[in-house]
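Engineer: Before we start, here is the structure in question, set down as structure tokens.
The values are calculated or read from the model by the stated rules, or taken from the named source; none is laboratory data. For clarity, every value in this text was computed on a predicted model and none was experimentally measured. Using ideal geometry, Cβ is built from the backbone for each residue, glycine included, and neighbour counts are taken over all protein chains shown. Each accessible area value is taken on the protein alone, full model and side chains, heavy atoms only, with ligands, DNA and RNA left out. Shrake-Rupley method; radii C 1.70, N 1.55, O 1.52, S 1.80 Å.
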Amino acid sequence: MLAMVKHWDLFLGPYKQAVEELKVKLKGIRTQYEMKSMHCPIEFVTGRVKPIASILDKATRKGIPLDRLEEEMQDIAGLRMMCQFVDDIKSVVELLRQRTDFEIVEERNYISQKKDSGYRSYHVVVRYPVQTIEGEKNILVEIQIRTLAMNFWATIEHSLNYKYSGKFPEEIRERLQRAAEAAYLLDEEMSKIRGEIQEAQAIFSRKKETKDE
Ligand code: 0O2
């Protein structure tokens with residue numbers, strides 16, 4: 001048992017390293033926008049290493065042999081970047097494409113092509129080099145970029161999914177579909193008054209700066 005725990009710790013070590021490093025780097029983008037008093041396309045960033053139980057679960061579900069996890073499971077290391085507006089997602093993807101500290105291996109647009117569940121998000125899979133005492137190790141990392149509304153829906157759906165193991169009662173399934181539609185409409189409405197919102201936010205942050213001085 002102890003050997004097994006040690007084995008997982010060793011395996012997940014570089015993934016933890018990658019998530020911690022990328023959290024600092026991606027949060028750093030926000031700081032740069034703030035320092036220049038510019039609208040930041042990123043609202044906040046989170047990151048996690050997939051729990052062992054979820055890795056095993058997904059490997060069984062997708063028929064991935066455990067000795068192929070590194071190559072075939074793309075989201076053991078995961079980052080999420082939340083945006084206020086749908087258009088910000090494009091800007092964030094552009095920022096990621098310009099970076100030289102990782103290589104993009106795949107992009108999945110679940111915004112133009114939402115999933116049957118109602119899930120919307122933009123996924124970018126990158127190959128990120130981690131420096132280890134044995135040399136450089138390339139790690140696959142999935143970066144999910146979504147609006148606050150998309151994130152709200154996905155978070156709720158994810159917990160319900162856990163409760164019902166993916167087999168939703170019909171009523172819940174329908175409500176989730178309607179909630180996904182409502183989140184989509186919320187994003188649309190917010191996009192239409194984006195200018196107004198940003199003006200208000202700029203006034204608010206200027207007031208805060210003068211107060212803090
Ligand atoms: P967790 O708990 O978030 O780590 P698959 O798992 O087969 O759908 P695949 O090929 O791994 O897909 O790639 P995909 O769909 O690009 O990325 C999977 C991840 O996207 C999921 O991770 C979720 O985080 C998110 N996701 C995809 N579809 C849905 C959905 O319908 N609802 C919600 N809430 N999230 C979704 P995991 O492995 O599910 O788990």
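Engineer: In sequence order, what are the phi-derived ³J(HN,Hα) couplings for the stretch 57-67 according to the Karplus relation 6.51 cos²θ - 1.76 cosθ + 1.60 with θ = phi - 60°, rounded to whole Hz, with x for glycine and proline?
Structural biologist: 4, 5, 4, 5, 4, 9, x, 8, x, 4, 7
Engineer: Pick out, in residue order, every one of the trypsin sites (Lys or Arg not before Pro) in the stretch 1-44 that is DSSP loop and has at most 11 other C-beta atoms within 10 Å; say none if there are none.
Structural biologist: Here the trypsin sites (Lys or Arg not before Pro) that fit, given the DSSP loop and packing criteria, are Lys36.
Engineer: Given a 1.4 angstrom probe, what's the average accessible area per residue across the chain, in square angstrom?
Structural biologist: 63
Engineer: Using Cα springs under 10 Å in a Gaussian network model of the chain, which residue among Asn151, Asn161, Asn138 shows the largest mean-square fluctuation?
Structural biologist: Asn161
Engineer: Just from its helices, what would the mean residue ellipticity at 222 nm be for the chain, if runs of 4 or more DSSP H residues each count -39500 (n - 2.57) and the sum is divided by every residue, rounded to the nearest 500 deg cm²/dmol?
Structural biologist: The helix contribution divided over the chain gives -19000 deg cm²/dmol.
Engineer: Also, quick follow-up: Search the structure for amide H atoms under 5 Å from the amide H of Glu43, placed 1.01 Å from N in the peptide plane, and list their residues when 5 or more places away or on another chain.
Structural biologist: Distant-sequence amide H within range of Glu43: Met82, Cys83, Gln84.
Engineer: Could you check what % of the DSSP bridge pairs in the stretch 2-212 are antiparallel, to the nearest 5?
Structural biologist: Close to 75 percent.
Engineer: Once phi is turned into θ = phi - 60°, what whole-Hz ³J(HN,Hα) does the Karplus curve with 6.51, -1.76 and 1.60 give for every residue of the stretch 140-145, x standing for Gly and Pro?
Structural biologist: 7, 10, 9, 9, 9, 10
Engineer: Turning to a different aspect of this structure: Extending each Cα 7 Å along its Cβ direction at Leu185 and Arg97, get the distance between those two points in nm, one decimal.
Structural biologist: Each label point lies 7 Å from its Cα, and together they span 3.3 nm.
Engineer: How are the alpha carbon pair distances in the chain distributed across 10 Å bins from zero to the largest one, expressed in percent?
Structural biologist: Binned Cα distances yield the sequence 7, 28, 32, 22, 9, 2.
Engineer: Set the Förster radius R0 to 25 Å, insert the Cβ-Cβ distance between His7 and Arg61 as r into 1/(1 + (r/R0)^6), and round the FRET efficiency to 0.05.
Structural biologist: With R0 = 25 Å, the Cβ-Cβ based efficiency is 0.70.
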